[in-house]
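Each reported figure results from applying straightforward, stated rules to the coordinates on display, with no laboratory input. Computed from a predicted structure; not experimentally measured. Because the Cβ atoms are built from the backbone with ideal geometry, glycine has one as well, and the counts that use them run over all protein chains shown.
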Amino acid sequence: MTMRMHLKPEAAGSGLTSQRVRDRLVERLRANGIADERVLNAIRTVPRHLFVDEVLATRAYEDTALPIGHGQTISQPWVVARMTEALMASEPKKVLEIGTGSGYQAAVLAALGLEVHTVERIGELLRIARKRFRTLGLTVRSKHDDGRIGWAENGPFDAILVTAGAPALVDALQQQLVPGGTLIAPVGAANAQSLVKLVKRADGSVDEQVLAPVVFVPLLSGIVD
Ligand code: SAH
């Protein structure tokens, strides 16, 4: 169910932003343990260089986080791939992302054919991300709000992905999961978190598993323009 993305030549990239370079990143992710072909394909398809400032475009296919302004970062491709793979294991249809940032993770989820909802607290980042979704013809529902309250009106969700770190899992988000739903979030101290996967069982009990050590910017409260 992978989306067809019709990229104009300038969007498809050239040189260090070309398809060949994206393919090389995919091979590197595969070598580093990412096995879900659907996820690898989505990363092969989505032009990450369009989700960073032009001056950083030539670094977009390095496996590293990059600054996107406002003290925030676009996540490292391996982390995006690992989170997406963990989420896809439960075959979700409708997903919520907290922390739109550049919009890249949301675009990867949309490229997988999922119904994507995303919440961002920094208005300017969200406006730029929305433009990117439009340029690429991706359908992503988005909201400018404090994502720690989730998006109850649009829920419940089959899966929720939090892309900013907090000392503990957020209860409000667990409540917006369907029975059997999956929550994936970085949990722990600033600059050293564990990527946690929580599955909410049908009887309401939860199963928690640590997937990998990760580094995310912090989940903050309130919204800014
Ligand atoms: N998924 C993003 C990663 C961006 S970094 C990407 O693919 O680029 C994390 C983002 O979470 C930042 O943009 C930050 O502003 C946002 N964020 C932090 N706390 C938040 C909150 N409470 N609600 C919504 N967004 C939040």
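Here are some notes:
- Dipole-positive endmost among Ser102, Pro47, Ala168 within the chain (Cβ charges, Cα centre): Pro47
- Rounded to the nearest 20 debye, the dipole magnitude of region 75-225 is 440 debye, with +1 charges on Lys and Arg beta carbons, -1 on Asp and Glu beta carbons, and the Cα centre as origin.
- Within region 133-225, percent of DSSP bridges classed antiparallel, to nearest 5: 75 percent
- Comparing mean-square fluctuations of Asp145, Asp203, Asp53 from a GNM of the chain with C-alpha springs under 10 Å, the top value falls on Asp203.
- Amide H contacts of Gly113: Met3, each under 5 Å away and 5 or more positions distant or on a separate chain (H built 1.01 Å from N in the peptide plane; Pro and chain starts excluded).
- Distance from the Cα centroid of region 6-53 to that of region 173-225 is 26 Å (rounded to whole angstrom).
- Electrostatic dipole magnitude of region 1-139 [Cβ: Lys, Arg +1; Asp, Glu -1; Cα centre; debye, to 20]: 300 debye
- Candidates Lys93, Lys131, Lys200: whichever shows maximal mean-square fluctuation once the chain is modelled as a Gaussian network with Cα springs under 10 Å: Lys131
- Of the cross-linked pairs Lys94/Lys143; Lys131/Lys197; Lys8/Lys131; Lys94/Lys197, those separated by over 23 Å at the C-alpha level are Lys131/Lys197.
- Cα-based shape type of region 1-77, given that a ≥ b ≥ c are square roots of the gyration tensor eigenvalues and the cut on a/c is 1.5: oblate
- Of the three principal axes defined by the Cα atoms of region 34-73, the extents in descending order read 33, 17, 14 Å.
- Share antiparallel - DSSP beta bridges, region 1-151, percent rounded to 5: 25 percent
- For the peptides 38-49, 68-79, the ranking by packing is 38-49, 68-79, with the highest mean count of neighbouring Cβ atoms within 10 Å listed first.
- Positive-end extreme of charge dipole, region 9-214 - chosen from Asn32, Pro92, Ala60 (charges on Cβ): Ala60
- For region 17-148: rounded, prolate or oblate by the Cα gyration tensor [a/c cutoff 1.5]: oblate
- GNM top mover of Leu195, Leu114, Leu56 - the chain, alpha-carbon springs below 10 Å: Leu56
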